[in-house]
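A single structure is presented below for examination.
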Amino acid sequence: MKGNKIREGLLFPVLTAILGISILYVVSIGTTPIDMKTVYHIMVDQIFLGGKETNAGVWDNASYQIIWNIRLPRVLFGVCCGAGLSICGAAMQALVLNPVAEPYILGVSSGASAGAAFALLVPIPLFSGQYRTTTFALLGAILAFFCVYNMSKAGGGGKIQPVTLLLSGTAVNAVMSAITSFLIFMAKSQESISAVYNWQMGSLASAQWNSLWVPAIGVALGCIIFIWQSGNFNLIMMGDEDAAAMGLNVKRFRGSMFIICAIIVASLVSITGIIGFVGLMIPHIVRLLAKTSNNKVVLPLSALFGASYLIWADAAARSLFGAAELPLGIITAFVGAPFFFYLMLRKNRGAA
């Protein structure tokens, strides 16, 4: 018990340090390599000195443009995306008591994708630009979750059935993907069709300073709420009856937490497209590292570890093939799909 506490206490500063070093290093790599020292000094100059040294010519303007206006927004958005998807995965696994639950597998990402595709391909006089895409992605995510959640309780006396949950997620994924494909088929603009195709494979390439603040606020608030409610996540893992006996309004808590998950996922997916399996893998790796299922530890560590994982996955996506960029969703699928298969095998062996 004491050893676990020491391990948990060490993991927080270690993962925080890894994230900080990863941000500096990942910003430094690319088709134009820039040393980490320059990255560090330009970031410090912009954040704390208001760009005084760069304006005075101390730092090369080309390096400044690459670091501050191209790579850093992308890396910071990767931090938001990795943290948000990972903590949502950990929250969903606790809420439905299923180790393979996550936004992608349960259809929430596909719902957000269908909503965003609708906003991009259908001419509707409602909102404009990124706000419209995010709004419709949110509506799609909530609709997908509502369908999966209610289908998973069918025939179970009002209780969520783990197997039915997976089957419901698969069915909703298929329907939402079909809706997206139908919208592409009916679309008239080749430019919009190409944008949706590229967007479906997942990428951080469109990240800019002006598009970063909405998902950053959503993820930050979501993480704060989840960590604040981590004790109630522990209660709900004891079972609905025990949680209710301890004074938790299970239905309200589960519903409100899922809505927060949908908001976080929609704010991310509307910009990045579909990036799967992050929320599945990271919480399990964190539980193995920390040797605990306590959500007071798992939720914040998942956010930290997921942030580092995704920016390294994105670094691989934009570096492995030189100037040609591999979609990030392909990288996460190559890593995450075998992990999903491993979890299913382990679950089946445990049941046997």
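Just going by the charge dipole of the chain, with Lys and Arg at +1 and Asp and Glu at -1 on Cβ, which of Ala144, Gly30, Ser194 is farthest out on the positive end?
After comparing all options, I get Ala144.
Next question. Apply the Karplus curve 6.51 cos²θ - 1.76 cosθ + 1.60, θ = phi - 60°, to the phi angles in the range 108-125 and return the couplings in whole Hz, x for Gly and Pro.
5, 5, 5, x, 5, 4, 5, x, 5, 4, 4, 5, 7, 9, 9, x, 10, x
Out of Ala337, Ala307, Ala205, any idea which swings most in a Gaussian network model of the chain, alpha carbons joined below 10 Å?
Greatest mean-square fluctuation among the candidates belongs to Ala337.
Here's another thing I want to ask about it. What ³J(HN,Hα) values, in whole Hz, does the Karplus curve 6.51 cos²θ - 1.76 cosθ + 1.60 give for the range 145-153 when θ = phi - 60°, with x put for Gly and Pro?
Whole-Hz 3J(HN,Hα) from phi for the range 145-153: 4, 4, 5, 4, 4, 6, 5, 5, 8.
Taking R0 as 22 Å, what FRET efficiency do you get between Val122 and Phe146 from their Cβ-Cβ distance, rounded to the nearest 0.05?
Once rounded, the FRET efficiency stands at 0.55.
Heavy-atom accessible area of Glu102 with all protein chains present, probe 1.4 Å, nearest 10 Å²?
0
Same structure, new question: Give me the one-decimal nm value for the distance between modelled label points at Ala171 and Arg252, 7 Å along each residue's Cα-to-Cβ direction.
3.1
What is the diffusion coefficient of the range 1-91 in µm²/s, taking the Kirkwood radius over Cα pairs and the Stokes-Einstein relation at 20 °C with a viscosity of 1.002 mPa s?
In µm²/s, the coefficient is 143.
Can I ask one more? Compute the length gained on full extension between Phe321 and Met238: take 0.36 nm times their separation in residues and subtract their Cα-Cα distance, giving the result in nm to one decimal.
25.2 nm
Rounded if a/c is under 1.5, else prolate if a/b is larger than b/c, else oblate: which is the range 274-352, with a ≥ b ≥ c the root eigenvalues of its Cα gyration tensor? Before the final figure, lay out each step's value.
Values: a/c = 3.33, a/b = 1.53, b/c = 2.18.
Note, shape of the range 274-352 comes out oblate.
Suppose all protein chains stay in the model; what accessible area per residue would a 1.4 Å probe give for the chain, in Å²?
On the way: 16340 Å² over 352 residues.
Counting only protein heavy atoms, the per-residue value for the chain is 46 Å².
Pick out, from Phe277, Ser302, Ala266, the residue whose Cα sits farthest towards the positive end of the charge dipole of the range 240-306, with +1 on the Cβ of Lys and Arg and -1 on the Cβ of Asp and Glu.
Ser302
Could you state the number of Å between the C-alpha centres of the range 169-230 and the range 82-127?
What the calculation gives is 8 Å, centre to centre.
Return P(r) of the range 197-352 (all Cα-Cα pairs; 10 Å bins starting at 0; whole %; ordered from short to long distances).
Percent of Cα pairs in each bin: 10, 31, 36, 18, 4, 1.
Same structure, new question: Scan (i) 20.7, 84; (ii) 20.8, 70; (iii) 19.4, 62 for the value of Rg and Dmax of the Cα atoms in Å calculated from this model and give just the label.
Read-out taken from this structure: (ii).
What residues from the range 254-280 fall in the zone where the backbone N is under 19 Å from a label point 7 Å along the Cα-to-C-beta line of Ala178?
Answer for the range 254-280: none.
By how many degrees, between 0 and 90 and to the nearest 10, does the Cα long axis of helix 295-319 differ from the longest principal axis of the chain?
Rounded to the nearest ten degrees, it is 50.
Continuing with the same structure: With the chain treated as a Gaussian network of Cα nodes joined by springs under 10 Å, which of Val269, Val39, Val298 yields the largest mean-square fluctuation?
Val39
What does the extension gain come out to for Trp209 and Met344, with contour length at 0.36 nm per residue minus their alpha carbon separation?
Details: separation 135, 0.36 × 135 = 48.60 nm, distance 3.97 nm.
Length gained between Trp209 and Met344: 44.6 nm.
While we're on this one: If you bin the C-alpha pair distances of the range 147-288 every 5 Å from 0, what whole percents do you get?
2, 8, 12, 17, 19, 17, 12, 7, 4, 2, 1, 0
The values are calculated or read from the model by the stated rules, or taken from the named source; none is laboratory data. For clarity, every value in this text was computed on a predicted model and none was experimentally measured. Quick reminder, even Gly has a Cβ in these numbers, built from the backbone with ideal geometry, and neighbours come from all protein chains shown. The accessibility values were calculated without ligands, DNA or RNA, using every heavy atom of the protein model including side chains. Shrake-Rupley method; radii C 1.70, N 1.55, O 1.52, S 1.80 Å.
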